[in-house]
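Down below is the structure, laid out as structure tokens.
Laboratory data are not the source of any read-out in this text; all were calculated from the coordinates shown. It should be emphasised that the depicted structure is a prediction, and the values quoted were computed from it without experimental measurement. All Cβ positions, glycine included, derive from the backbone under ideal geometry; neighbour counts span all protein chains shown.
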Amino acid sequence: MSALTLDNIAALPGNAALQTLRQQAADTYTRTGLPGKRDEDWKYTDISRLTAALGESWWTTSEPQTVDINDVAAIEDLDAYRLVFVAGRFQAKQSNIPAGVQLLPLAELLNSDAHEDAHCLFKLDESAPLFNGLLAANSALASDGLCACIREGIKLDKPLYVVHVGNSTAHVLSGLMLGANAEATLIEHFVGTDSSAASLSNIATYVRLQDNASLTHYRLQLESDKQLHVGRVEVKQARDSRYTLHAVELGGSLSRADIIINLSEPGASCDLNGLFVGSGRQHIDHHTRIDHNAPHCRSRENYRSVLDGRSHAVFNGKIVVAEGAIKTDSAQSNANLLLSKNAEIDTKPELEIYNDDVKCAHGVTVGQLDKNQLFYLKSRGLPEDEARQLLTFAFADEVLVGMKIKAVRRFIEKEAFAKLPNLSDLEGMLT
Amino acid sequence: MLKVKNLHASVDGKKILKGINLEIGAGEVHAIMGPNGSGKSTLSNIIAGRDGYEVTAGSISYKGKDLLAMEPEERAWEGVFLAFQYPVEIAGVNNTYMLKAGVNAKRKHQGEQELDAIDFMQLVKEKAKMVELDQSFLSRGVNEGFSGGEKKRNEIFQMAVLEPSLALLDETDSGLDIDALRIVANGVNKLRREERSIVMVTHYQRLLDYIEPDFVHVLADGKILKSGDKSLALELESRGYDWVKEEEADRIKAA
Ligand SMILES: Nc1ncnc2c1ncn2[C@@H]1O[C@H](COP(=O)(O)OP(=O)(O)OP(=O)(O)O)[C@@H](O)[C@H]1O
Ligand SMILES: [Mg+2]
């Protein structure tokens, strides 16, 4: 495979120092290439589909496009600061930046030399968990993103609603820092408009939470049918900080996300909630990695998938408890519902525990609908199809109940359930 | 209303029902008593349509139709209702929604107009009051986190809403304290109608003090060994089941 060259990156934002970082990242990519089947972390996900579909065009961020955000299926009735990216570029006119916080599009920040702060986002650590060539490519090629610093003690009054309008190849790199005691909600929504177009969304998001900061992060993947999506979320948490993720995978043809959480100081806690709804030939893969690196940290993980058609999902949840991380409290659960005999799940919890003073629970289930529940509903007069639908929705909804923003939950319920055999009005169906 | 004829059934090749004969007329109240494992729930489940049982001989006709040929939901639409011995928890599924879906499917089947949300809510509130079920249970998940007694009360509440013509109450009195028993039994009595038949499976005579049966049957080892009126229940309460089994053994010997 030929190398990423300066031609690809010369036109991208950033000063000479940044161009050097980009070039280093390009060199790293050239050395590592795309992850392959021999790579244990990519055993079930065949990323060669990327080059098969796009050749080498995925190196190049698509031409700028104009899309009216009102034509996009965005979340309705959401009171938020909306930040729109189209084809990997920030759209100032369609966006609404909150006052009183440091928040700038990455490209703008890079173009003003004074802020070399953002350069740290481009420095690669090849020893980081789940590091791979796609992340190196992201550093080399990132066109834009969001850089925000919510300073100490600030509680952002409304969520940041970041809409990425896809159907274009985009390498997006974002960094979000919350100072001590700061609180915010970030909603990343990936949405496509053209179901016949195939391109790549390569999205990296770095989060740092200072002491006692709290971030709720919605990551909603609703790309159009043929889109390929690879993502990385890397979170470093200081003392007593709290991170909650609601990851939803509905769209795209192939979607892979690596979620990497570092509980680096005592008292930090994270909650990872994931819902996959797969149909057709969709392939969905989440690799999560939680490092308990300090005492008294807590992690909760609850992933569910509902798989129809010939869809294939992969869940790998690795939890590493370091030697000094005593009083670790960790629980992981992964439940999978297979609606069709051709749907497939590969699920693997991985625990690595290096001390005795920990509480780690984990459980995996794979199955069909519960026969007793089905009979109960039918005995109350619900037709078979309706009973099945109701149980399926309730199963999926169990991971959505934790979403505090009702508008997001309703939106996801509507979109998720629309993918499944759907017979009746949802109103009042679920608790 | 219901005619069970020579019903034989097995599970995984194990014979459980060995020739049940039972006739239930419109508006009658029958009690079925019998030792643990004798097949009482099996009979109720087969009538309600649970799968996993193999009917090897016999028939069940209900309102003149072949009940065994019908899906569980069709039986519900035709008025069969089973109050489960062990009601299932269904997390996340709204109790009221489930009932509304059930009631409206039945109405549709009968060619009646479906109830809208407001009418249905009114109906449900009325029935909840009747069985003294707190309104907070209406919007909870089906049996989700309910105590044993609350689950049983919820079953009777559902019976009140669904208005069956044949109600099978499988140990609805088990696990109830004396106050809850009174409330549940009063609820059932309020639901007694000329045309509504009730079959109660129970281990306890005390239920029959509240809901007076027209007939009492003893089911042991897959057969109905003896039938009588409510005095039979009193006799069973004081003498146990062994004498019934012995009588049966003697009869077989004599034959
Ligand atoms: N699904 C099943 N698989 C295997 N055996 C079963 C199954 N269902 C019932 N049985 C067996 O059939 C027999 C009758 O069970 P059933 O539940 O009908 O008894 P019961 O009279 O209702 O008892 P109880 O008074 O304890 O409720 C028991 O021996 C039971 O173990
Ligand atoms: Mg029983």
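Could you tell me the extents of the stretch B:15-120's C-alpha atoms along the three principal axes, largest first, rounded to whole Å?
47, 34, 26
Let me check the size of the stretch B:121-176 from its C-alpha atoms; what are the radius of gyration and Dmax in Å?
Rg and Dmax of the stretch B:121-176, Cα atoms, are 11.0, 30 Å.
Using only DSSP helix segments of four residues or longer, with each worth -39500 (n - 2.57), what per-residue ellipticity at 222 nm results for the protein assembly as shown after dividing by its residue count and rounding to 500?
Result for the protein assembly as shown: -8000 deg cm²/dmol, rounded to the nearest 500.
Give me the dipole magnitude in Debye, nearest 20, for chain A about the Cα centre, with unit charges on the beta carbon: positive for Lys and Arg, negative for Asp and Glu.
So the magnitude is around 500 debye.
Using modelled backbone amide H atoms (1.01 Å from N, in-plane), which distant-in-sequence or interchain residues come within less than 5 Å of A:ARG219's amide H?
For A:ARG219, whose amide H was placed from the backbone, the distant partners under 5 Å are A:GLU188, A:HIS246, A:ALA247, A:VAL248.
Treat each spin label as a single point 7 Å out from the Cα along the C-beta direction, and report the B:TYR204 to A:VAL364 distance in nm.
4.6
Using modelled backbone amide H atoms (1.01 Å from N, in-plane), which distant-in-sequence or interchain residues come within less than 5 Å of B:TYR86's amide H?
none
How large is ³J(HN,Hα), in whole Hz, for each residue of the stretch A:166-183 in order, when computed from phi with the Karplus curve 6.51 cos²θ - 1.76 cosθ + 1.60 and θ = phi - 60°, using x for Gly and Pro?
Computed from phi, the couplings for the stretch A:166-183 are x, 6, 7, 7, 9, 10, 10, 10, 10, x, 9, 10, 10, x, 3, 6, 7, 9 Hz.
When the dipole is taken about the Cα centre of the stretch A:17-90, and only Lys, Arg (+1) and Asp, Glu (-1) are charged at their Cβ, what size is it in debye, to the nearest 20?
That gives a dipole near 500 debye.
What is the magnitude of the charge dipole of the stretch B:2-254 about its Cα centre, with +1 placed on the Cβ of each Lys and Arg, -1 on the Cβ of each Asp and Glu, and no other charges, expressed in debye to the nearest 20?
280
Using +1 at the C-beta of Lys and Arg and -1 at the C-beta of Asp and Glu, which of A:SER112, A:CYS147, A:LEU369 has the Cα lying farthest in the positive direction of the dipole of chain A?
The listed residue farthest towards the positive side: A:LEU369.
Mind pulling the angle between the C-alpha long axis of helix B:230-239 and the longest principal axis of chain B? Nearest 10 degrees, somewhere in 0 to 90.
Taking Cα atoms only, the helix is inclined about 60 degrees.
Of all the Cα-Cα pairs you can form in the stretch A:6-265, what percent are over 27 Å apart?
33
How big is the stretch A:370-431 along each principal axis, measuring the range of its Cα positions in Å and listing the largest first?
Principal extents (largest minus smallest coordinate, Cα): 35, 19, 17 Å.
Answer with one residue from A:VAL277, A:LEU124, B:LEU22: the one whose Cα lies farthest towards the positive end of the charge dipole of the protein assembly as shown, charges on Cβ with Lys, Arg +1 and Asp, Glu -1.
The listed residue farthest towards the positive side: B:LEU22.
May I ask for the net charge around B:LEU67, where only other residues with Cβ less than 12 Å from the Cβ of B:LEU67 are counted and Lys, Arg are +1 while Asp, Glu are -1?
+1
Using the Cα centre of chain A as origin and beta-carbon charges of +1 (Lys, Arg) and -1 (Asp, Glu), tell me which of A:THR205, A:THR66, A:PHE395 is placed farthest towards the positive end of the dipole.
Result: A:PHE395.
Principal axis extents for the stretch B:1-46, Cα atoms only, whole Å, descending order, please.
Largest to smallest, the principal-axis extents are 35, 21, 15 Å.
Once the piece of chain linking A:ASP79 and A:GLU152 is laid out straight, how much longer is it, given 0.36 nm per residue of separation minus the C-alpha distance between them?
23.9 nm
What does the net charge come to around A:PRO105 if you take all other residues with beta carbon closer than 10 Å to its beta carbon, with K and R at +1 and D and E at -1?
-1
With the Cα gyration tensor of the stretch A:1-148 in hand, give its eigenvalues times 5 under a square root as the equivalent ellipsoid semi-axes, listed largest first in whole angstrom.
So the equivalent ellipsoid measures 29, 21, 15 Å along its semi-axes.
Can you give the log10 of the normalised intensity I(q)/I(0) at q = 0.10 Å⁻¹, computed with Debye over equal Cα scatterers of chain B?
Once normalised to I(0) and log-transformed, intensities are -0.49.
Taking R0 as 35 Å, what FRET efficiency do you get between B:THR56 and B:LYS108 from their Cβ-Cβ distance, rounded to the nearest 0.05?
Efficiency for this residue pair is about 0.50.
May I ask you to derive the relative contact order of chain A, considering only C-alpha pairs under 8 Å and at least 6 residues apart, and to give it as an integer percent?
Relative contact order, chain A: 10 percent.
Beyond a 18 Å Cα-Cα separation, which of these cross-linked pairs lie in this structure: A:LYS371/B:LYS3; B:LYS152/B:LYS223; B:LYS127/B:LYS190; B:LYS129/B:LYS151; A:LYS414/B:LYS108; B:LYS5/B:LYS65?
A:LYS371/B:LYS3; B:LYS152/B:LYS223; A:LYS414/B:LYS108
Provide the per-residue ³J(HN,Hα) series for the stretch A:54-71, in order, calculated from phi with Karplus coefficients 6.51, -1.76, 1.60 and θ = phi - 60°, each as a whole number of Hz, with x at glycine and proline positions.
Per-residue couplings from phi come out as 10, x, 9, 5, 5, 6, 10, 4, 4, 4, x, 10, 10, 10, 7, 4, 5, 8 Hz.
More than 16 Å apart: what percent of Cα pairs in the stretch B:53-99 qualify?
57
Return one number: the angle in degrees, 0 to 90 and rounded to the nearest 10, between the long axis of the Cα atoms of helix B:95-109 and the longest principal axis of the Cα atoms of chain B.
Its long axis makes an angle of about 80 degrees.
Amide H to amide H under 5 Å from A:ILE284: which residues, 5+ apart in sequence or cross-chain, H placed 1.01 Å off N in plane?
A:SER255, A:HIS312, A:ALA313, A:VAL314
Which whole number in µm²/s is D for the stretch A:183-228 by Stokes-Einstein, with the Kirkwood Rh taken over Cα pairs at 20 °C and 1.002 mPa s?
Once the numbers are plugged in, D ends up at 171 µm²/s.
So what J values fall out for the stretch B:135-150 if you push phi through Karplus, 6.51 cos²θ - 1.76 cosθ + 1.60 with θ = phi - 60°, rounded to Hz, Gly and Pro as x?
Running phi through 6.51 cos²θ - 1.76 cosθ + 1.60 with θ = phi - 60° gives 4, 5, 6, 5, 9, 7, x, 4, 6, 5, x, 6, 6, x, x, 5 Hz.
Strictly greater than 19 Å: what percent of every Cα pair in the stretch A:112-202 meets that?
I get 55 percent for the Cα pairs in the stretch A:112-202 exceeding 19 Å.
Kirkwood Rh over Cα pairs of the protein assembly as shown into Stokes-Einstein at 10 °C, 1.306 mPa s: D in µm²/s?
The estimated diffusion coefficient comes to 56 µm²/s.
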